[in-house]
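What follows is a set of notes on a single structure, which appears directly below.
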Amino acid sequence: MSEQQKVYPVPADVASNALINKAKYEEMYKQSVEQPDAFWAEHGQRIDWMKPFSKVKNVSFDTHNVDINWFEDGTLNASANCLDRHLETRGDQVAIIWEGDNPEQSENITYRDLYTRVCKFSNALKSQGVRKGDVVTIYMPMIPEAAVAMLACARIGAVHSVVFGGFSPDAIAGRIINSDSRIVITADQGRRGGKAVPLKENVDEALTNPQVKTVEKVVVVQCTGGDIAWHDHRDVWYHDIYEGASDICPPEEMGAEDPLFILYTSGSTGAPKGLKHTTGGYMVCASMTHQYIFDYKEGDVYWCTADVGWITGHSYIVYGPLANGATTLMFEGVPSYPSHSRFGDVVDKHNVNILYTAPTAVRALMAQGDDVMGDSKRDSLRLLGSVGEPINPEAWEWYHKNIGNGNCPIVDTWWQTETGGILISPLPGATDLKPGSATLPFFGVQPALVDGQGTELEGATEGGLILQDSWPGQARTIWGDHERFVQTYFSTYPGTYFTGDGARRDEDGYFWITGRVDDVLNVSGHRMGTAEIESAMVAHKDVAEAAVVGYPHEIKGQGIYIYITLNDGVDESEDLRKELVKWVRKEIGPIATPDLIQFSDGLPKTRSGKIMRRILRKIAANECDGLGDTSTLADPGVVDNLIESRLNR
Ligand code: ATP
Ligand code: MG
């Protein structure tokens with residue numbers, strides 16, 4: 001099998017200026033796993049506690065009694081950690097730069113201003129009967145009020161459940177029912193790529209579901225001023241309850257293990273899971289990973305392009321950066337509007353130093369050609385990040401060269417909704433980079449690889465990725481379904497947390513995520529992850545994106561079926577198909593020879609932008625009836641087209 005050999009050593013100037021260098025990483029990592037209590041007792045101090053904790057870690061991964069607690073007797077408030085504690089030192093510093101969908105619109109919100117907005121809205125929520133422990137559903141566009149709403153919930157001890165603004169009425173209803181939410185916060189409409197998104201209308205429709213019984217109030221932010229239906233008994237304008245509210249709201253004292261939020265996974269592998277995250281450990285994890293992995297320093301402008309509806313938005317737009325007193329950029333729009341150079345334009349406009357985005361966005365830009373960033377300079381950038389899927393080495397190189405001007409390290413961050421924060425990632429000043437590898441574990445994280453029997457594998461090898469011990473940001477349970485939590489994560493390899501991902505470890509101990517274990521191919525007895533073949537395809541000059549699945553094959557057991565999206569302006573042809581078959585044989589070897597290659601204008605993705613291979617597997621197997629849970633699918637039209645022109649009939 002081919003190995004990506006290219007190494008990007010830590011640049012000397014980065015090493016000398018970074019918070020953590022190689023020696024420091026090794027020393028801290030060693031302490032974090034050998035003396036976790038001492039390590040986390042020290043680093044637990046990075047956030048402000050109302051009552052200090054005396055216990056650090058109290059965790060059982062025993063299948064009969066999975067129970068996860070960190071800093072359990074301490075008390076704190078997450079919003080106070082993001083706001084109050086900064087007022088004295090940085091009240092006038094910008095906390096949030098908001099960049100509108102419309103490039104003419106942006107706004108700078110200082111820490112003092114954000115604090116006032118959060119206090120006022122906290123009181124407004126109280127006036128609507130919201131109490132500590134209530135679940136509040138937030139279905140919002142990427143506007144400052146989304147962050148204000150999250151922080152206001154945290155301030156008064158309500159548990160937020162943010163539902164991504166691209167979800168359908170059914171998906172909203174399901175999440176409300178699952179969480180017994182009493183309040184929904186939304187906007188009249190959102191804006192994305194110059195189009196209006198009917199948020200309030202979707203909420204109205206969700207609430208017609210007879211099983212939604214708990215919702216008493218819908219708070220509506222006036223965002224576009226578009227026409228909406230109104231229900232007097234239930235709907236209230238945000239500005240009506242906000243304007244007159246007091247700007248004094250002391251933060252509620254919360255136990256470290258009191259819930260901060262519920263958040264659902266992306267639904268790549270099945271029905272989404274609603275994870276419960278608690279307050280103390282999560283805040284320590286989000287702020288610490290944000291500081292060290294992005295090598296965040298005072299004065300940096302930091303931009304994570306995720307939506308607040310995903311864990312990436314929770315931990316790395318809101319809680320992590322704000323806990324660190326950073327300036328965090330919140331972007332309402334999409335990378336392709338008004339043109340494909342938007343990312344570069346925004347970087348230049350706000351002098352962004354750190355940019356964190358997803359492989360799906362990188363590949364989409366890459367498909368537009370090398371001059372896609374237009375006239376933008378992007379010379380303020382010093383660090384790039386990637387999250388959500390394995391980043392194909394080709395896309396990594398492109399990102400490095402065409403966005404980062406060849407001089408920004410890339411942190412490829414592996415983690416999950418369940419993990420609360422990044423677990424495997426380079427640290428810019430400590431880790432030599434290899435394109436396509438998430439590299440090494442963060443402090444306190446103990447990854448291991450196991451075979452199908454659960455036997456731990458040593459050395460350079462490939463297997464299922466497990467985590468042998470807890471870390472503070474870990475989800476505590478699936479909301480209302482602890483049994484599913486235990487079954488999903490702790491029963492496959494008892495005594496450990498099973499990630500559901502496969503990985504390879506190379507001779508330097510670097511981790512390479514190979515894909516979901518459910519997606520592993522078995523061709524004539526050879527096991528292959530999806531990532532490697534997909535990366536080989538993406539390395540071809542005409543290929544924008546590729547997804548690989550296995551399908552039943554009489555001789556080989558499984559055949560290799562590849563779905564391919566071509567670069568902008570490239571036409572599909574029989575010759576190209578043959579060339580791509582040859583290409584894979586050359587790049588990886590004859591064992592990876594594709595049996596079927598289907599060209600397609602798009603691939604089925606979750607709304608967070610991940611390829612949904614389980615649907616592609618069904619189509620490849622010619623089982624187009626039961627596609628499973630498609631509630632998080634971004635564009636059902638893509639699936640219809642793929643079924644229409646499927647190759648295995
Ligand atoms: P579901 O759990 O509902 O199937 P999901 O796993 O896609 O959905 P998320 O929690 O959003 O939901 O995504 C976590 C997964 O994303 C990881 O388990 C991994 O497969 C993938 N992932 C995230 N970051 C990376 C990365 N840097 N490299 C490789 N894979 C990544
Ligand atoms: Mg998952």
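The numbers here are math on the coordinates, done by the rules we state, and not lab data. The structure displayed is predicted, hence computed values, not measured ones. Note that we place each Cβ from the backbone using ideal geometry, even for glycine, and neighbour counts take in every protein chain shown.
Can you give me the convex hull volume of the Cα atoms of segment 282-359, divided per residue and expressed in Å³?
Cα-based convex hull of segment 282-359, divided per residue, equals 87 Å³.
How much FRET efficiency would the formula 1/(1 + (r/R0)^6) give for residue 246 and residue 484, where r is the Cβ-Cβ distance and R0 is 41 Å, rounded to 0.05?
Result of the calculation: an efficiency of 0.45.
Taking R0 as 51 Å, what FRET efficiency do you get between residue 621 and residue 59 from their Cβ-Cβ distance, rounded to the nearest 0.05?
0.80
Highest first, please rank the peptides 55-61, 511-517 by the mean number of other Cβ atoms sitting within 10 Å of their residues.
511-517, 55-61
If Rh is defined by the Kirkwood formula over all Cα pairs and Rg also comes from Cα, what ratio Rg/Rh do you get for segment 437-481?
1.04
Between 0 and 90 degrees, rounded to the nearest ten: what's the tilt of helix 574-587 against the longest Cα principal axis of the chain?
Approximately 90 degrees, to the nearest ten.
With labels modelled as points extended 7 Å from the Cα through the Cβ direction, what inter-label distance (nm, one decimal) is found for residue 37 paired with residue 601?
So the label points at residue 37 and residue 601 sit 6.2 nm apart.
Let me know the Rg and Dmax you get for segment 296-425 when you use only its Cα atoms, in Å.
13.7, 40
Hey, what's the Kirkwood Rh for segment 524-645 if you take every pair of different alpha carbons, in angstrom?
14.8
Extent of segment 55-171 along each principal axis, from alpha carbon coordinates, in Å, largest to smallest?
Cα spread of segment 55-171 along its principal axes, largest to smallest: 56, 44, 30 Å.
Please state the charge dipole magnitude for the chain, taken about the Cα centre, from unit charges on C-beta atoms (+1 on K and R, -1 on D and E), reported in debye and rounded to the nearest 20.
Dipole of the chain, to the nearest 20 debye: 440 debye.
Just need log10 I(q)/I(0) for segment 265-322 at q = 0.14, 0.24, 0.26 Å⁻¹, Debye formula, equal scatterers on the alpha-carbon atoms, no solvent, rounded to two decimals.
-0.44, -1.01, -1.11
Given the rule -39500 (n - 2.57) for each run of at least 4 DSSP H residues, summed and divided by the residues of the chain, what is its mean residue ellipticity at 222 nm, to the nearest 500 deg cm²/dmol?
-8000 deg cm²/dmol
Whole number please: convex hull volume per residue of the Cα set in segment 223-330, in Å³?
Hull volume normalised by residue count: 205 Å³.
Considering the dipole of segment 524-645 built from charges on the beta carbon (Lys and Arg +1, Asp and Glu -1) around the Cα centre, which of 546, 526, 621 is farthest to its positive end?
526
Test of understanding: ordering 254, 150, 283 by Cβ neighbours within 10 Å, fewest first, what list do you get?
Result, fewest neighbours first: 254, 150, 283.
Counting only pairs 8 or more residues apart or on different chains, how many lysine pairs in segment 84-237 have their Cα atoms under 29 Å apart?
13
Quick check for you: which residues of segment 434-472 have the amide N under 20 Å from the point 7 Å beyond the Cα of residue 26 toward its beta carbon?
Only 434, 439-447, 459-460 fall inside the zone, counting backbone N under 20 Å.
As an exercise, use a Förster radius of 25 Å and the Cβ-Cβ distance of residue 518 and residue 67 to find the FRET efficiency, rounded to the nearest 0.05.
Efficiency, from the Cβ-Cβ distance: 0.35.
Using Cβ contacts closer than 10 Å as the measure, can you line up 479, 98 from fewest to most?
Lowest count first: 98, 479.
Give the residue from 157, 642, 106 lying farthest towards the positive end of the charge dipole for the chain; charges sit on Cβ (+1 for Lys and Arg, -1 for Asp and Glu) and the dipole is referred to the Cα centre.
Farthest towards the positive end: 157.
Would you give the gap between the C-alpha center of segment 515-564 and the C-alpha center of segment 373-400, rounded to a whole Å?
25
When each pair of different Cα atoms in segment 133-225 is counted once in the 1/r mean, what is the Kirkwood radius in angstroms, to one decimal?
13.0
Expressed as an acute angle from 0 to 90° and rounded to the nearest 10, what is the orientation of the C-alpha long axis of helix 280-293 relative to the principal long axis of the chain?
60
Return one number: the angle in degrees, 0 to 90 and rounded to the nearest 10, between the long axis of the Cα atoms of helix 144-156 and the longest principal axis of the Cα atoms of the chain.
60
I need to check one value: relative contact order of segment 470-537, counting alpha carbon pairs closer than 8 Å and at least 6 residues apart, in percent.
In percent, rounded to a whole number, it is 16.
Let me check against my output: what whole-number percent is the relative contact order of the chain, with C-alpha pairs under 8 Å and at least 6 apart?
13
With 49 Å as the cut-off, how large is the P(r) tail for the chain, expressed as percent of Cα-Cα pairs?
Here the tail beyond 49 Å accounts for 8 percent of pairs.
Just tell me which lysines come within less than 25 Å, Cα to Cα, of residue 6; anything on the same chain fewer than 8 places away is out.
Residue 6 reaches 22, 24, 401, 434, 541, 582, 586.
List the Cys residues of the chain that have no partner Cys with a C-beta closer than 4.7 Å.
Among the cysteines of the chain, those whose Cβ sits 4.7 Å or more from every other are 82, 153, 223, 285, 304, 408, 624.
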